[in-house]
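Encoded as structure tokens, the structure appears first; notes follow it.
Nothing in this text is a laboratory measurement; each read-out follows from the coordinates by a stated rule. As the structure is a computational prediction, the values presented were derived from the model and not from experiment. Every residue, glycine among them, receives a Cβ derived from its backbone with ideal geometry; neighbour counts consider all protein chains shown.
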Amino acid sequence: MSTATPTLLDVRFGQGVRNYLNEDYGFFSWLLTKDHKRIAILYLISVSIMFVLGGFFAMMMRVELLTPEGDLLTSDTYNKFFTLHGVVMIFFFLIPVIPAVIGNFILPIMLGAKDLAFPKLNLLSWYLYMIAALIGLVVIITGGVDTGWTFYTPFSTQYSNTHVFGTTFAGFIAGFSSILTGLNFIVTTHRMRAPGLTWYRLPLMVWALYATSIVILLATPVLAITLVMLMLERTIGVGIFDPALGGDPVLYQHMFWFYSHPAVYIMILPAMGVASEVVAAFTRKKIFGYSFVAYSSLAIAFLGFLVWAHHMFVAGISTYSAMIFAFLSFCVAVPSAIKVFNWTATLYRASVSWQTPMMYILGFIGLFTIGGVTGLFLAALGLDVHVTDTYFVVAHFHYVMVGGTVMAYLAGIHYWWPKITGKMYPEWWARLAALLVFVGFNLTFFPQFVLGYLGMPRRYHAYAPEFQVLNVLSTAGASVLAVGYILPIVYLIWALKFGRPAGPNPWGAVGLEWTTSSPPPKENFHETPVVSWDAYDYPAMMKAMGETQNV
Amino acid sequence: MMLTDFPLFPEQASTVAGDVDNLFIFLCVLTGTVSVLVFITIFFLAIKYRRTPTNELAQDYEPPHLLELAWIVIPSIIFVGIFVWGSWLYFHLARVPNHAIPIYATGKQWMWKFQHATGQREINMLHVPVNRPIEITMASEDVIHSLYFPAFRVKADVLPSRYRKMWFQATKTGRYHIFCAEYCGTLHSGMIGWVEVMEPTEYQKWLAGGAEGSLASQGEQLFQKYACNTCHTNDATGRGPILAGVYGNDVMLSDNTVVKADDNYVRESILNPRAKIVKGFSPIMPIFQGQVSEDDLMKLLAYVRSLGSTKQPINPPESPQSFQSNAGAVTPQTTTQPKGNQP
Amino acid sequence: MSQEHAPHIHITPLWIYIAVFLALAAGTLLTWYASTLELGALNTPVALLIATTKAILVILFFMHAIHSTRLTWVVIIGSFLWLGTLFVLTFADYLTRHWAIY
Amino acid sequence: MSDVTEHGHGHHPFLQHHFEDLGQQHEASTLAMWGFLATEILFFGGVLMAYWVYRISYPEAWALGAHQQNTMYGGLNTIVLIISSLTMALAVRNAQLGSSRGTVLMLILTLIFGSTFLGIKMIEYHMHYTEGLFPGTHWNPMLSEHARHVLTMHPELGPKLQLFMVFYWGMTGLHAVHMVIGAGLLIWMIWRAAKNHFGPEYYGPVEVMGLYWHFVDIVWIFLFPFLYLIPGAHT
């Protein structure tokens, strides 16, 4: 099946073992590549830069909030920083990160395909992302934008004199990059599965990416048209959202949140996919209730479209429609609950290994649970009136996005790093980083729940003195979290050179990606694999893979 | 700021605060136990079945699949319960109790302006009596703001396009925060203030102090200033509908639809009078959009409301045709049923 | 290598295309004529009905949806369903805003 | 597009390397186009939703706006576009039958009718522009007698008429942009058909082109009644 385990020498200098990294060299072999694995690495680099940039804005905000009076930054600068933190983190990091980095690399291999359905569109997707990121950088350098990542009208169209046009145009372009990736994944999953790979033998990561692609495909266009209308209104001011000329600012909120709530499911669904993969691999057990977990991804994808106005309960929508959206918001919480309980049940009588990916995922399940249940607070109408637009909401969505998506992304990066680079990361450094991230995260965001219920509004440059102690705690946590995030960047790059060579299956896991060499050859498999075992069916998998795995 | 006496739970200073906090504490307890149970199960199982040389491969055993049904049905039932409780509270917040003290709030980029029915005007400060329902009718002059009283657990966005109502009933005297909760620009964090809840006697003393004539009386002066009384006279001779007893009742429009004369109807009839024309009258009223400021609009509204919403008998005093409208000859109308005269 | 497997072809007879074209032209005239009638509240639903039937005709015959894979059907119906959620839930807000609170 | 030269081991010249066979490639490309059309449906759907919110809020302004439209041009354009849809479908049929000449002829006809549609559209745009009906700074509408009377009675409809014209220019402009892109793709297809790339076993690109063109036609099928035939426009 797979070639002999590569010797240290081969791996170090890459001769002899033909893989996608030493296939061909040179600047253009990367910038004009059509190989999904190289495009994934291009995305990895650009997304990480964006994460560091977003993290910088977050750190400046946290330091600013150490004192009640806004003394580090002027209020304008602070407004620009929280806006750019939102825009960079959401449009340029959270939405593309798992689908474009891990998904691009792993989906074709998990399906046993040579490449995605449309390699050229995949490269175009990365270039569109880079153009959008470039426009974003130009906007940041020449003065930033101060409307909040939500661009609420009439502030964004009439009262803000910052680069609203530039930022919305960058968001518009980034939307198309996201659509192309989604389209690629859907067509590849439907049309290019290996022989024998039926839908129920697919890894849960493929189910999650498929559900995410549906949400991308059906939500992003509405963001595109909303931003076009915003740009139109801002340039020629004709009253689409301007109340004096007959427009309705609440209509903008409807159309914006129609995209932006499904967008949070674009961010969390792939994270759930990584969680299912890692839980299965590090418990060496079938995920409990495989079909329930698979279909809950699709359920989230569908129900996610019906709940958007729970962001607008106090915005002036009618009381009756608020009830409809509140009820649907409770319905969308059920599939997430199913997933959490199924992951927990998988641990029963399993062989649980505490290696780094599993540590991140155990943290993920805990933090995602807290994030999810605090969503119930916000969906309960009477309570939402008090806690919306306060730090309670800020804590809620950071628990789901940072505690959820970023933790799962780090788990995924550590889990597939041997497959991507052929090198193992340093285990103990990684476990330390995981612990730092978990502790730092909780210290940063748990106090914000208390701040939120006390009534501290969000996006405040200066706040009432009695909130100071909790804010100091939160800033302390943020610095621990920052260290926790910098560590992986350091030791993963270090591992590129000095990491121990990883064989084809360092974790002894089940999955097509673990049957090919690490790093895999350009066409992923020497000959198209035939799948005869169920997803995560360890006994059958062990027989099929024979003894060459160093289990 | 001593490090010890920072609050961990907000003060309960309104009737609604208790209910909201009960729901909050119930949810904290419920979700707290669920989360802790999940954490304990995870770490217990992860330690009990950790990978050891003897436990290299997971046992091929799965808990009963009935569990799946359990954690679909049970959460759904609980969620419906929370939904009903939350919705009941939301409706309670939305229904303004009658006989509430009307206060008019205007959100303007980075300040709150409150106007009492008795004429007092305050900026970023609001004096209210304790144990009395307070109804705030609010509009914004520029962007979307959000009037937020954390101690009363109430919040509502203030829109530039229309009036919105919000109410609370303070139960404890004292000074409580007012915040702007919807991002509105540079000094969003500066758009804050204090609400002063006072004993009724103190409140009366405060009211007596700074009165410059009730809001309604100021509204009446504006009513003269904008020459509204030339058409809206108290008898049927005027070319505009009689305003006494209009507020709060139904009005028949020229296209025979019936509309309730609420705040937004009055506001629209001042700003865009021709949008809804009362049956039997011609659309000759000039547009005041852009000429009447938000504060004056509220004074006029207070004046129209002060004209009472009970239908007074109309006894037209014999008054000579006081003027000759320039828009063509005005045929004297019969006193009983004012029929529309075509311009 | 697996045997060269060309896409299965279903050639639609010519008369179907011509018939669908005539139906579309007739639909256009009909919708114009219907707009001149004074149907009051019925005008909009009639126009929507005619436009939807024309659209369905184009999708079924011109876009060969009638003998496409079930997956294509799911995509078509799914996207209109999603658009429907946007319309229905937004108008749930707009149409009930002036209802009184009991 | 990949070059026409023979691939190493006897593959059809246009079979991409990562597909098993032409059938898989064809199904992949049609599924991709339908997926793309799903995004287009929601893209146009977004602006249609805003249009409908304001049409329900300001029916008289919308009637007034439609009153300004020349329904004859609109109807003619709809017929022209339906004809181009027919010729496009016949082009796909000819490609399936393998007659390159027929495909090229039909594609050229489609291009001609498409351009006629754009021509009529330009005439309408010019007409509206000269009437000062372009929203924003150039807005000083020269209205018909009936419209002027209505506006004097209800002057607050002025900005809302401009709002209607924003949607008119916005939606038809968006549609016209899609038509221009379609015309560009048509020229490319004509060039490929002329070099008889297409036949019964490989007609994917023409099929996909047809799907896109028919979708743009469907959008106009909805835009025509929405913008031209609003109840109360022609009383």
Which residues' amide hydrogens lie under 5 Å from the amide hydrogen of B:GLU135, considering only partners 5 or more residues apart or on another chain, with H built in the peptide plane?
-> B:ILE101, B:ILE103
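What size of dipole, in debye to the nearest 20, comes out for the protein assembly as shown about its Cα centre when the only charges are +1 on Lys and Arg C-beta atoms and -1 on Asp and Glu C-beta atoms? Before the final figure, lay out each step's value.
Values: 65 positive and 70 negative charges, 205 e Å.
Dipole about the Cα centre, nearest 20: 980 debye.
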Which whole-Hz ³J(HN,Hα) couplings does segment B:250-257 yield from phi under the Karplus relation 6.51 cos²θ - 1.76 cosθ + 1.60, θ = phi - 60°, glycine and proline marked x?
-> 7, 10, 8, 8, 5, 8, 6, 7
Once label points are set 7 Å from the Cα along Cα→Cβ at both B:HIS92 and D:ARG101, what is their separation, rounded to one decimal in nm?
-> 8.4 nm
Bridge orientation stat for the protein assembly as shown from DSSP, antiparallel percent rounded to 5, came to 75 percent
Work from the charge dipole of the protein assembly as shown (Cβ charges, +1 for Lys and Arg, -1 for Asp and Glu, about the Cα centre) and give the residue of A:ALA309, D:VAL150, B:ALA100 farthest towards its positive end.
-> A:ALA309
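Of A:LYS419, A:LYS114, how do they rank once you tally other Cβ atoms within 10 Å and put the fewest first?
Values: A:LYS419 25, A:LYS114 21.
Taking fewest neighbouring Cβ atoms as first place, the list is A:LYS114, A:LYS419.
Counting other C-beta atoms within 10 Å, which of B:GLU182, D:GLU40 has the fewest, and how do the rest follow?
Working: B:GLU182 29, D:GLU40 17.
Final ranking by Cβ density, sparse to dense: D:GLU40, B:GLU182.
If you count, for every residue in B:55-66, the Cβ atoms of partner chains within 10 Å of its Cβ, what is the mean? Show your work: numbers first, answer last.
On the way: counts 5, 5, 9, 15, 5, 6, 4, 9, 6, 1, 4, 0.
If you average over the peptide's residues, the count of other-chain Cβ atoms is 6.
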For chain C, with a Gaussian network of springs between Cα atoms less than 10 Å apart, report the residue from C:ALA26, C:ALA51, C:ALA92 with the top mean-square fluctuation.
-> C:ALA92
Taking only the alpha-carbon positions of segment A:366-520 and ignoring solvent, what does the Debye formula give for the base-10 log of I(q)/I(0) at q = 0.11, 0.19 Å⁻¹?
-> -0.56, -1.07
Treat each spin label as a single point 7 Å out from the Cα along the C-beta direction, and report the A:ASN161 to B:ILE78 distance in nm.
-> 5.3 nm
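Taking Rh as the Kirkwood radius computed over C-alpha pairs, what is the Stokes-Einstein D of segment D:118-163 at 10 °C in a medium of viscosity 1.306 mPa s, expressed in µm² per second?
139 µm²/s
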Selection from A:HIS85, A:PHE172, A:LEU209, by position along the positive dipole direction of segment A:33-548 (Cβ) | A:LEU209
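Hey, got the dipole for segment B:215-306? About the Cα centre, +1 on K and R Cβ, -1 on D and E Cβ, debye to the nearest 20? Provide the component values of the computation, followed by the final result.
Values: 9 positive and 10 negative charges, 41 e Å.
So the magnitude is around 200 debye.
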Which residues qualify? For B:ILE178, with a placed amide H closer than 5 Å and at least 5 residues away or on another chain, they are B:GLY193, B:TRP194, B:VAL195
If one puts a single equal scatterer on every Cα of the protein assembly as shown and applies the Debye formula without solvent, what log₁₀ I(q)/I(0) results at q = 0.07, 0.08, 0.09 Å⁻¹?
-> -0.77, -0.98, -1.20
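Listed highest first by mean packing, meaning other Cβ atoms within 10 Å per residue, what order do B:137-147, A:131-141, A:177-187 come in?
Working: B:137-147: 23.6, A:131-141: 18.0, A:177-187: 26.3.
Packing proxy ranking, top to bottom: A:177-187, B:137-147, A:131-141.
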Calculated [θ] (222 nm, deg cm²/dmol) that DSSP helices of n ≥ 4 give over chain B, each run adding -39,500 (n - 2.57) | -10500 deg cm²/dmol
Cα coordinate range in segment B:215-306, projected on the principal axes (Å, largest first) | 33, 26, 23
Within 10 Å of each Cβ in C:60-66, the average number of Cβ atoms from other chains = 6
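Compare the peptides A:373-380, B:117-124 by average per-residue count of other Cβ atoms within 10 angstrom and give them in order, highest first.
Details: A:373-380: 24.1, B:117-124: 16.4.
Ranking, from highest mean packing down: A:373-380, B:117-124.
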Measure nothing fancy, just the Cα-based angle from helix B:215-225's long axis to the longest principal axis of chain B, in degrees from 0 to 90, nearest 10.
-> 40 degrees
Excluding same-chain residues fewer than 8 positions from B:LYS155, which lysines have a Cα within less than 30 Å of its Cα?
-> A:LYS80, B:LYS108, B:LYS113, B:LYS165, B:LYS172, B:LYS205, B:LYS260, B:LYS299
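In what sequence, highest mean first, do A:310-321, B:261-272 appear when ranked by Cβ atoms within 10 angstrom? Display every interim value, and only then the final one.
Details: A:310-321: 21.8, B:261-272: 18.8.
Per-residue mean Cβ counts within 10 Å order the peptides as A:310-321, B:261-272.
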Long-range amide H partners of B:HIS127 with built H, under 5 Å = B:GLU196
For segment A:227-248 and segment A:294-329, what is the separation of their C-alpha centers, rounded to whole Å?
-> 26 Å
Computed over chain A: longest principal axis from alpha-carbon atoms vs helix A:407-421 long axis, angle to nearest 10 degrees, is 30 degrees
So how tilted is helix B:294-306 from the main axis of chain B? Cα-based, degrees 0 to 90, rounded to 10.
-> 70 degrees
In nm, the gap between the two label points placed 7 Å beyond Cα toward Cβ at A:PHE498 and D:LEU185 is 5.4 nm
Listing B:CYS180, B:CYS231 by rising number of other beta-carbon atoms within 10 angstrom, fewest first, gives B:CYS231, B:CYS180
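Might you report the magnitude of the Cβ-based charge dipole of segment A:405-519 about its Cα centre, with Lys and Arg at +1 and Asp and Glu at -1, to the nearest 20 debye?
With Lys and Arg at +1 and Asp and Glu at -1, about 240 debye.
On average, how many beta carbons from a partner chain sit within 10 Å of the beta carbon of a residue in B:76-89? Walk me through the numbers before you get to the answer.
Numbers: counts 5, 0, 3, 10, 3, 1, 10, 11, 3, 4, 16, 9, 2, 7.
For peptide B:76-89, the averaged partner shielding equals 6.
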Read phi for every residue in segment A:276-288 and hand back ³J(HN,Hα) as whole Hz from Karplus 6.51 cos²θ - 1.76 cosθ + 1.60, θ = phi - 60°, with x for Gly and Pro.
-> 4, 4, 5, 4, 5, 5, 9, 10, 6, 8, 5, 4, 5
Got a sec? Charge dipole of segment A:33-548, +1 on Cβ for Lys and Arg, -1 for Asp and Glu; which of A:SER46, A:PRO519, A:THR388 is way out at the positive end?
-> A:PRO519
Determine by what factor the alpha-carbon radius of gyration of segment C:12-67 differs from 2.2 N^0.38 Å, reporting the quotient.
-> 1.29
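Can you compute the helix-only [θ] at 222 nm over chain A? Use -39500 (n - 2.57) per DSSP H run of at least 4 residues, normalise by all residues, nearest 500 deg cm²/dmol. Before the final figure, lay out each step's value.
Details: 18 runs with 347 residues, N = 551.
Helices in chain A give a 222 nm mean residue ellipticity of -21500 deg cm²/dmol.
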Provide the per-residue ³J(HN,Hα) series for segment A:213-219, in order, calculated from phi with Karplus coefficients 6.51, -1.76, 1.60 and θ = phi - 60°, each as a whole number of Hz, with x at glycine and proline positions.
-> 5, 4, 5, 4, 5, 9, 9
